[in-house]
Amino acid sequence: MSDFANKVALVTGGSRGIGRAIAQTLAKRGATVVISYAGNEAAATETVKSIVDAGGKAKAIRFDVADSEACGKAVDDVMKEFSRLDILVNNAGVAIDGLLMRFKDEDWDKTLDTNLKGAFSLMRAVSRPMMKQKGGSIVNVSSIVGEMGNAGQAAYSASKAGLIGLTKSIARELASRNIRVNCVTPGFITTDMTAGLNEELKKKMADAIPLSRIGNAEEVANAVAFLASDHASYITGEVLKVNGGMYM
């Protein structure tokens, strides 16, 4: 399958977990993939190597999505090197958990700056080149907790709920320029972040899911790839749940 041939994609937080799977899936289907990472250079290098070894094209760039100037420069650098940017996947995020009464202002700010402001800054940065190209696709990775909430995750839930609203607003704003903006909301997915959970808790979570199992990163990546592709050419402003029926 090469439905992304000659297309360039920027995937933030692409060095591991869901972002890594998204980068690998887009590359496998023909895209040149630029992955961003904030600090783990070894993981980013390994992800690029896995794509190149499989016959794909990829490179890694380091910047903090919470820094709006860095976001703008990153997009400029991609445009200078590849002369186009067809797909943006806003996947980078942080999850700082804590109960309301003890939650620190700096943790709130870091969560919102990374998960929500970062996506906004990058969408703003890519809008101009995508307009000049007369098309593009943006996919934001939100979360099931942005739809249903979760105790102890007020900041994370707020940032991911905000990302849904941001998706819908920018979808309306850019639709006339043939730029589609959609969102996926993963449920309980096996990643490095969930690997440390004990088996009892994992079973309890799986039992609460109608499909009776935890999802995997590749299933989220396939949903992102669909929304980014021409197969979804009449879909914008959509929120696609990838949660096994955990929240309907």
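Per residue, region 1-144 exposes 48 Å² of accessible surface when a 1.4 Å probe is rolled over the protein heavy atoms with every protein chain present.
Building the convex hull from the alpha-carbon atoms of region 39-107 and averaging its projection over directions returns 6.6 nm². Rounded to the nearest 20 debye, the dipole size of the chain about its Cα centre is 680 debye, using +1 on the Cβ of Lys and Arg and -1 on the Cβ of Asp and Glu.
Atom-type composition of the exposed protein surface of the chain places 52 percent of the accessible area on carbon and sulfur (1.4 angstrom probe).
Per the Debye formula on identical point scatterers at the alpha carbon atoms of region 132-248, with no solvent, log10 I(q)/I(0) at q = 0.13 Å⁻¹ is -0.54. Solvent-accessible surface (1.4 Å probe) assigned to Arg62 amounts to roughly 150 Å². Over 25 Å between Cα atoms: which of Lys80/Lys132; Lys134/Lys160; Lys73/Lys132 fall into that group? Pairs exceeding the cut-off: Lys134/Lys160. Here's the picture: charge each Lys and Arg Cβ at +1 and each Asp and Glu Cβ at -1 in region 117-181, and of Gly118, Gly135, Ala155 the one pushed furthest to the positive end of that dipole is Gly135. Histogrammed with a bin width of 5 Å, the alpha carbon distances of the chain distribute as 1, 7, 14, 19, 21, 17, 12, 6, 2, 1, 0 percent, first bin at zero. Calculated from the alpha-carbon coordinates, region 1-120 shows an Rg and a Dmax of 15.2, 51 Å respectively. How many angstrom lie between the Cα centre of region 159-190 and the Cα centre of region 111-137? Going from one Cα centre to the other spans 11 Å. Over the Cα atoms of region 79-155, the radius of gyration divided by the Kirkwood radius equals 1.11; this is the Rg/Rh ratio.
With semi-axes defined as the square roots of five times the eigenvalues of the C-alpha gyration tensor, the equivalent ellipsoid of region 44-173 measures 28, 18, 14 Å, largest first. Less than 18 Å from a label point 7 Å out along the Cα-to-Cβ axis of Asp192: which backbone N atoms in region 91-110 qualify, by residue? Only 91-97 pass the distance filter. Fully extending the segment from Arg84 to Ala206 would add 39.7 nm, taking 0.36 nm per residue of separation and subtracting the current Cα-Cα distance.
The values are calculated or read from the model by the stated rules, or taken from the named source; none is laboratory data. Being a predicted model, the structure only gives us computed values, none of them experimental. No Cβ is skipped: glycine too gets one built from the backbone with ideal geometry, and neighbour counts run over all protein chains shown. Remember, those area values only see protein heavy atoms, side chains included, never the ligands or the DNA or RNA. Shrake-Rupley method; radii C 1.70, N 1.55, O 1.52, S 1.80 Å.
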